[in-house]
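Let me begin by presenting the structure, written as structure tokens, before commenting on it.
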Amino acid sequence: MYRRILMSLFGNEIKEAIISLDIASVGPLTNKALADGVKPKQILDDGLLIGMAVVGERFKRSEMFVPEVLMAAKAMTEGLNIIKPLLAGEDAKGKGTVVLGTVKGDLHDIGKRIVAMMFEGAGFDVIDLGYDVAPEAFVSKVKETNACIVGMSAMLTTTMMQMKITVDALKEAGLYDKVGVMVGGAPLTVEYAEGIGAKYSPDAQVAVEVANNIVQ
Ligand code: B12
């Protein structure tokens with residue numbers, strides 16, 4: 001109960017700091033919440049993600065523009081960087097390697113970084129290839145690391161077809177049957193994912209459940 005009240009206080013402050021582009025405050029507020037016993041996952045869900053979701057809505061309504069969204073993303077990263085090692089420490093390692101990346105032509109990487117963190121927290125070894133990742137780069141990293149899962153992120157309708165191209169490249173290299181393919185990102189649907197032979201997750205939480213099912 002006490003923790004819930006604390007989180008609604010801190011969560012709100014962290015959310016507001018992101019929305020008001022107050023980059024300098026997110027780190028200290030995150031540290032303060034942690035010092036008062038709020039769980040890293042709660043800070044992520046109830047503060048950082050909600051703040052960024054509001055920014056996303058305002059961007060959609062043209063009430064915020066690219067430079068502001070970038071500042072909000074920077075503010076969010078201040079908090080993410082603090083909770084990342086703590087999330088990663090919440091479970092044991094050794095479930096296998098996950099190769100992650102945002103597909104070619106796409107520079108959105110906030111959601112993918114959150115997925116990376118949650119995977120690490122759930123015990124996977126994560127190799128994050130970053131953004132604008134070409135199909136060949138996914139293929140060669142999967143081959144090199146013997147990964148059990150490859151995860152692709154796309155946030156643009158114009159880049160999501162890169163996922164199919166990457167799946168085809170994995171098939172071509174004889175790797176598709178050896179690796180679980182996971183996809184995520186705002187424009188995707190279950191139907192699209194299934195159509196290309198991949199598993200869809202709407203968010204990082206579900207992504208961990210899907211990944212656990214793949215390796216079981
Ligand atoms: C932040 C942002 C940017 C930032 C990106 C900064 C960065 N470092 O990532 C900047 C300013 C650079 C940007 C640029 C552009 N953007 Co933009 N952007 C956004 C915004 C506001 C938020 C995205 C975000 O970070 N959300 C928060 C995270 C936490 O959510 P998420 O990404 O969905 O991730 C979760 C799930 O999807 C899932 N997930 C995500 N990836 C993966 C991967 C796997 C494997 C799994 C399992 C799960 C999973 O789990 C995540 C965590 O829960 C969205 C709006 C929106 N509503 O999504 C627009 C949005 C994606 N952008 C859009 C556009 C149009 C652009 C630009 C073309 C704008 C322009 N005119 O230049 C450029 C394109 C640049 C490029 N080539 O990529 C459109 C896309 C429209 C479309 N349907 O194609 C959106 C939807 C806004 C809109 N409504 O118009 N953008």
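The values are calculated or read from the model by the stated rules, or taken from the named source; none is laboratory data. As the structure is a prediction and not an experimental result, all values here were calculated from the model. For neighbour counting, all protein chains shown are included, and Cβ atoms are generated from backbone atoms with ideal geometry for every residue, glycine included.
Residues considered: V206, V181, V215, V190. Of these, the only one that is free of Cβ contacts under 8 Å to residues at least 40 places away in the same chain and in contact with a Gly (Cβ under 8 Å, 6 or more places away or on another chain) is V181.
The set of residues in region 198-216 being in a helix (DSSP H, G or I) and acidic (D, E) consists of E209 alone. Report whether or not M155 is under 16 Å from the mean Cα position of the chain (by Cα) and among the aliphatic types (A, V, I, L, M). Yes; evaluated as a whole, the condition is true for this residue.
When G105, G94 are checked against the criterion of being at positive phi, surrounded by fewer than 19 Cβ atoms within 10 Å (Cβ to Cβ) and at pLDDT 90 or above, a single residue qualifies: G105. Counting just the residues of region 125-154 that are in contact with a helix residue (DSSP H, G or I) (Cβ under 7 Å, 6 or more places away or on another chain) and more than 21 Å from G197 (Cβ to Cβ), which one comes out surrounded by the fewest Cβ atoms within 10 Å (Cβ to Cβ)? That would be I127. Go over the candidates G195, G123, G94, G174 one by one and state the one that is assigned to a loop (DSSP other than H, G, I, E, B) and over 30 Å from V38 (Cβ atoms). Sole residue among the options that is assigned to a loop (DSSP other than H, G, I, E, B) and over 30 Å from V38 (Cβ atoms): G174. Residues in region 164-216 that are polar (S, T, N, Q) and in contact with a strand residue (DSSP E or B) (Cβ under 9 Å, 6 or more places away or on another chain): T166, T189, S201, N213. Restricting attention to region 148-177, the residues that are within 13 Å of the ligand (Cβ to nearest atom), without any contact (Cβ under 8 Å) to a residue 40 or more places away in the chain and of a type in the set (S, T, Y) add up to 1. Within the span defined as region 55-65, every residue fails to be more than 14 Å from the ligand (Cβ to nearest atom) and in contact with a Lys or Arg (Cβ under 9 Å, 6 or more places away or on another chain). Taken residue by residue, region 103-113 has at least one member that is more than 18 Å from A193 (Cβ to Cβ), in a helix (DSSP H, G or I) and in contact with a Lys or Arg (Cβ under 9 Å, 6 or more places away or on another chain).
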